[in-house]
Amino acid sequence: MMKSVTRLLFAVSIASMLGMIFTIMPTYAEPGVSIFPTVVPTTVPAAIPSAFIITITNTGPDAIGMVSISMDGAWGTPLLTWIKIDGTLVPAWHVHGGGSGPGLLTVSSTGNPSNNLQVNQVMEIAFTVTAPLATGSYRWTITANRNRGLGGPTVNVVPSILVIPEIPLGTLGTIIAMTLGLAAVTFTSKRKSHLP
């Protein structure tokens with residue numbers, strides 16, 4: 001049992017490190033729209049809500065008025081937490097009408113085109129969503145559009161999110177307790193060995 005838990009933790013650690021390595025993706029472009037996206041995290045446990053931040057850098061030449069994140073129907077309905085542009089919360093961006101449902105989150109700017117994501121600006125979209133019950137690799141599509149609706153140049157980016165088995169808190173607590181206990185025993189035995 002302990003070996004299988006250790007192997008699982010090792011696999012989770014490796015998957016997390018690989019996820020961090022492959023979070024940075026190249027710039028994707030179509031005429032008029034070009035973005036450089038990142039997704040954090042890229043590995044989440046199955047069947048529980050996880051918090052995500054998608055960062056999009058507008059590499060030009062046009063401003064972006066709408067961003068859509070399409071997952072898979074197996075994902076829950078995303079709940080938008082906040083949107084920032086260049087580190088500042090922006091109330092001028094919101095969930096686009098009808099733009100939220102199982103595995104879908106669409107956000108857009110409101111009113112003045114100056115509210116759009118301008119060239120060289122960085123947008124962060126924070127949200128929570130429940131991962132699918134089935135483990136495996138899921139491909140998300142991030143679509144950026146220069147208009148606040150359909151039409152106009154768009155660009156699609158397809159990152160991959162890994163869903164892994166959930167580690168029960170009791171098991172994790174046992175592993176931590178055993179590790180701390182082993183460290184305490186080792187420290188105590190070394191300390192006693194120095195006594196006359």
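Close amide H pairs (under 5 Å, H built 1.01 Å from N) link T59 with S34, I35, F36, N120, residues at least 5 positions away or on another chain.
In this calculation the C-beta distance from A74 to S114 is compared with R0 = 45 Å, giving a FRET efficiency of 0.75. Under 5 Å between amide hydrogens, built in the peptide plane, is the criterion, and for I161 it picks out Y138, R139, W140 among residues at least 5 positions away or on other chains.
Residues of region 90-106 falling in the label zone of Q121, defined by backbone nitrogen less than 13 Å from a point 7 Å along Cα to beta-carbon, are 90-94.
Amide hydrogen proximity for A46: with H placed 1.01 Å from N in the peptide plane, the residues at 5 or more positions away or on another chain lying under 5 Å are I164, E166.
All of the numbers you see were taken from the coordinates with simple rules; none came from a lab. Just so we're clear, the structure is a prediction, and the values are computed from it rather than from any experiment. Cβ: placed from backbone, ideal geometry, glycine included. Neighbour counts: every protein chain shown.
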